[in-house]
Amino acid sequence: MSIPFEVKRNFQVSKEVAYRSLLDLDSAKDWMQGLVGIERMDEGPLREGSQWKETRKMFGKEASEHFEVVELKEPDKIVLRCDGTKGTTGKGEFVFTYLLVSSGDQTEVTLLGEIRGLTGLSKWFGKLMAGAFKKACAKDLDSLRDYLEKTKVVSS
């Protein structure tokens, strides 16, 4: 059983800029709230199979999660997987699918989130947590959008 959620945001930047920005781990420090650090497990541009550990400060404590790039279809789709068993969560799998659709210089970014692999009591809590995950993902997309629009990033 999985627990799905969805977040949609409109960005006033091209699809290519939005796509690159979602994969630009070096710039995440400029817009991602609570980010302590990102540790890459490989080098070079992100590609399918790339992995990193992301540490954020949440509720006054540091929490780390392990991410992997599952699928890239430039500039339309990004699929990331967070293996909860390798991070602070300790269980579950979290899949984040970003779909990008453009209209002129505006891009609609849809995040389809899915929480999988929870059992027993954690499954019950997972349903409650889906709202919190959705809110956190919405905040991240809002922060990225505001950063891109404020810095007036141009496509190149």
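The values are calculated or read from the model by the stated rules, or taken from the named source; none is laboratory data. All of these numbers come straight from a predicted model, not from anything done at the bench. All Cβ positions, even for glycine, are placed from backbone atoms using ideal geometry, and neighbour counts span all protein chains on display. These area figures cover heavy atoms from the full protein model, side chains too; ligands, DNA and RNA do not enter into them. Shrake-Rupley method; radii C 1.70, N 1.55, O 1.52, S 1.80 Å.
Between residues in the stretch 12-35 that are under 20 Å from Q106 (Cα atoms) and residues that are assigned to a helix (DSSP H, G or I) and aromatic (F, W, Y), which pairs lie under 7 Å by C-beta distance while being six or more apart or on different chains?
Sorted first by the residue in the stretch 12-35, then by its partner, the pairs are W31/Y147.
I need the full set of residues from the stretch 47-86 which are part of a loop (DSSP other than H, G, I, E, B) and at pLDDT 95 or above, in order please. Quick ask: steps written out before the conclusion?
Initial filter on the stretch 47-86 (part of a loop (DSSP other than H, G, I, E, B)): 47-50, 59-60, 74-76.
If the condition is that a residue be part of a loop (DSSP other than H, G, I, E, B) and at pLDDT 95 or above, then R47, E48, G49, S50, E74, P75, D76 are the ones that fit.
Looking at (1) at pLDDT below 90; (2) open to solvent by less than 40 Å² (accessible area, probe 1.4 Å), can you tell me which one T119 breaks?
(2)
Report the residue count in the stretch 87-105 for those that are part of a strand (DSSP E or B), of a type outside the set (A, V, I, L, M) and either in contact (Cβ under 8 Å) with a residue 60 or more places away in the chain or at positive phi (or both).
Going through the stretch 87-105, the residues part of a strand (DSSP E or B) turn out to be 93-103.
Narrowing the set further to residues that are of a type outside the set (A, V, I, L, M) leaves 93-94, 96-98, 102-103.
Among the residues that remain, those that are also either in contact (Cβ under 8 Å) with a residue 60 or more places away in the chain or at positive phi (or both) are: 98, 102.
Here the count works out to 2.
Where residues in the stretch 31-46 are at pLDDT below 95 and open to solvent by 70 Å² or more (accessible area, probe 1.4 Å), which of them is nearest to the chain's Cα centre (by Cα)?
So, considering only residues that are at pLDDT below 95 and open to solvent by 70 Å² or more (accessible area, probe 1.4 Å), the one nearest to the chain's Cα centre (by Cα) is Q33.
I need the full set of residues from the stretch 87-101 which are at pLDDT 85 or above and crowded, with 18+ Cβ neighbours inside 10 Å, in order please.
Residues satisfying the conditions are G87, F94, F96, Y98, L100.
Kindly evaluate E108 against the criterion of being assigned to a strand (DSSP E or B), within 13 Å of L23 (Cα to Cα) and open to solvent by 40 Å² or more (accessible area, probe 1.4 Å).
Values: assigned to a strand (DSSP E or B): yes; within 13 Å of L23 (Cα to Cα): no; open to solvent by 40 Å² or more (accessible area, probe 1.4 Å): yes.
No.
If the Cβ limit is 6 Å and pairs must be 6+ apart or interchain, which residue in the stretch 111-125 that is closer than 26 Å to I78 by Cα and assigned to a strand (DSSP E or B) pairs with which residue that is at pLDDT below 75 and open to solvent by less than 90 Å² (accessible area, probe 1.4 Å)?
These pairs meet every condition: I115/G126.
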